[in-house]
Amino acid sequence: MPSVIIEKDRCKGCELCINACPEHVLAMSEEINAKGYFFPMAAHPENCTGCRYCLLVCPDVAIQVENKGKVTKRPDALTEKGFSYCPGCTHGVIHRLVAEVLDELGVRERTVGIAPVGCSVLAYEFFACDMQEASHGRAMAVATGIKRGRPDLVVFTYQGDGDLASIGMAETIHSANRGEKITVIFVNNAIYGMTGGQMAPTTLPGQVASTCPTGRDVNLAGYPIRVVELLKELKTPAYLARVTVDDPKHVLAAKKAIRQAFKYQLEGTCFSLIEVLSTCPIGWGMQPHEACGWLEENMVPYYPLGEVKVPEPAVVKAGS
Ligand SMILES: Cc1ncc(C[n+]2csc(CCOP(=O)(O)OP(=O)(O)O)c2C)c(N)n1
């Protein structure tokens, strides 16, 4: 019978696993863990089908699943260190997906990640590959230097929307326009998370943020920037897609896009950027599951999901 294994001291009690489980296997325990959080337990283990939905949405990689004698495992490309993100923040899900892709492609030992400034500033502590810190907005410039100096390496940046679409917008447009063979993981949570929830270039019209307490006024601040659609207009070939991680099916689609982005880099095809719509429950002032619902209802209509640009077959052939 399949079973859920919960590493309770990694848990921050966000309850996303409980919401994701279609069979109501999990419930919160009445104990608290070493971090001071209530954590889930298998209240109805007999209902578990081994679907892994709980594992897919867990932002702290606190869940593994055993099924038919096989147990899922923490990706090798993640260190053992617990993430520093707030409970329910989906940065952790995105970290896990990137790490799984590096493992599956067998490139961890020749990968360099560029950590940004923002909530994921400590990404160098979480990824078990070589990492370089960049100053705010400069991740793609740093990645360009590393990739041009060592084209044999796999180079990715991991950046928030303030980092990539505000202070770093020049680096973003020019790296894409030069067709740097790097992979960009762009985490769009519609806010400046780390500094206290200020309006970002991606904050939605009417969305409340700490610097627009009555909601974003497009007459003053303009409309939110759709980064992948903007980059699509460049003539230079690229792979551009937008995904999200607010539910298990979207998490699987996000991983597929991230893997494709790294494959294009490995084949020398083109610049690749995956925009991941992400939640910021604390910055948005919501419970984690409410934040997922808010993302689905408000962000997805403005930021449609899917592949926005794929390289032409001739470009793919030339690369490989
Ligand atoms: C040159 C510079 N300007 C401003 C800051 C302050 N700062 C630190 S993080 C941040 C916003 C980060 O937001 P985002 O990139 O959206 O990432 P998140 O924290 O939401 O993941 C800002 C403005 C800084 N560290 N350096």
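What follows draws every value from the coordinates through simple rules; no lab data is involved. Remember, predicted model here, so these are calculated numbers, not experimental data. Here Cβ is always computed from backbone atoms with ideal geometry, including for glycine, and neighbour counts include all displayed protein chains.
Couple of notes before you dig in:
- Among the listed pairs Lys255/Lys309; Lys147/Lys249; Lys12/Lys309; Lys181/Lys309, a Cα-Cα separation exceeding 26 Å is found for Lys147/Lys249; Lys12/Lys309.
- Shape category assigned to region 18-78 from the gyration tensor of Cα positions, a/c cut at 1.5: oblate
- Placing unit charges on each Cβ (+1 for Lys and Arg, -1 for Asp and Glu) gives region 112-218 a dipole about its Cα centre, and among Ile173, Thr203, Phe186 the Cα reaching farthest toward its positive end belongs to Ile173.
- Length gained when the stretch Lys256-Asp9 is fully extended (0.36 nm per residue, less Cα-Cα span): 86.0 nm
- For the pair Glu23 and Ala318, the difference between a 0.36 nm per residue extended length and the Cα-Cα distance amounts to 101.4 nm.
- Computed magnitude of the charge dipole of the chain (debye, nearest 20; Cβ of K, R +1, Cβ of D, E -1): 960 debye
- Alpha-carbon centroid distance for the pair region 272-320 / region 2-28, whole angstrom: 25 Å
- Residues of type aspartates and glutamates that Lys317 reaches as a straight line, Cα spacing below 12 Å, ignoring anything fewer than 8 places off in the same chain: Glu267
- About the centre of its Cα atoms, region 13-75 shows a dipole size close to 400 debye [charges on the beta carbon of Lys, Arg (+1) and Asp, Glu (-1) only; nearest 20 debye].
- Inter-label distance, nm, simple model (7 Å from Cα along the C-beta direction), Gln132/Glu297: 4.4 nm
- Think of the chain as having a plus end and a minus end, set by charges on the Cβ of Lys, Arg, Asp and Glu; of Gly137, Asn19, Val112, Val112 sits farthest toward the positive end of this dipole.
- Scaled against 2.2 N^0.38 Å for its residue count N, the alpha carbon radius of gyration of the chain is 0.98.
- In this calculation the C-beta distance from Met41 to Ser84 is compared with R0 = 30 Å, giving a FRET efficiency of 0.75.
- For region 143-272, the Cβ-based charge dipole about the Cα centre amounts to some 500 debye (Lys, Arg positive; Asp, Glu negative; other atoms uncharged).
- Separation in nanometres of the label points that stand 7 Å from Cα toward Cβ, at His174 and Lys70: 4.7 nm
- Using the Karplus relation 6.51 cos²θ - 1.76 cosθ + 1.60 with θ = phi - 60°, the per-residue 3J(HN,Hα) values for region 309-319 come to 8, 10, x, 4, x, 5, 5, 4, 5, 4, x Hz, with x marking Gly and Pro.
- Here each label is just a point 7 Å from Cα along the line to Cβ, and for Asn219 and Asp103 those points are 5.3 nm apart.
- Taking amide H atoms as placed 1.01 Å from N in the peptide plane, the amide H of Gln132 lies under 5 Å from those of Gly113, Ile114, Ala115, each 5 or more residues away in sequence or on another chain.
- Under the criterion of Cα pairs below 8 Å and six or more residues apart, the relative contact order for region 254-320 equals 39 percent.
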